[in-house]
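**Q** For reference, the structure I am asking about is given below.
Computed from the coordinates by the stated procedures, all read-outs in this text should not be read as laboratory data. Just so it is clear, the structure is predicted and the values come from calculations on it, not from any experiment. Neighbour counts run over all protein chains shown; Cβ positions are idealised from the backbone, glycine included.
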């Protein structure tokens, strides 16, 4: 009885310590997230630290027919993307040339640079899309939540 109780507590402790790790969807399941889907940037990590997002500059993405477009906080942008297994890449992006406050422009420029250096993606069991990016200057993760279209 004592052994069974000790094992139960050990399993509970083990489960509690790994509860933040959600199972990943297969590549086939998660590739459907790029078929006519819309997303908003929820969180951004760069070099292992959270990036403070400008509150009034909501960033969004929309995927359809190998094309990506969205709003960077100040300007609309568009381009192509490629998806092979869990490898993800974005081609050259075109953006409108509206000017905004410096913090918004800085965030938008950094976001577009990060998006263009995206190399891989994952979708967790809750449906959150993670784009992993990396370049000579920085690496990080862009976290997106699905939005209604």
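**Q** From the Cα trace of segment 104-149, what convex hull volume per residue do you get, rounded to a whole Å³?
**A** 89 Å³
**Q** How big is the C-alpha Rg of segment 25-147 next to the rule-of-thumb value 2.2 N^0.38 Å, as a ratio?
**A** Ratio of Cα Rg to 2.2 N^0.38 Å: 0.99.
**Q** Also, quick follow-up: Among 125-132, 72-79, what's the highest-first ranking by average C-beta atoms within 10 angstrom per residue?
**A** Packing proxy ranking, top to bottom: 72-79, 125-132.
**Q** Still on this structure: Can you tell me how much longer the chain between residue 85 and residue 97 gets when fully stretched, taken as 0.36 nm per residue apart minus their C-alpha distance, in nm with one decimal?
**A** 0.9 nm
**Q** Ranked by Cβ crowding within 10 angstrom, fewest neighbours first, how are 133, 143 ordered?
**A** Ordered by Cβ neighbours within 10 Å, fewest first: 143, 133.
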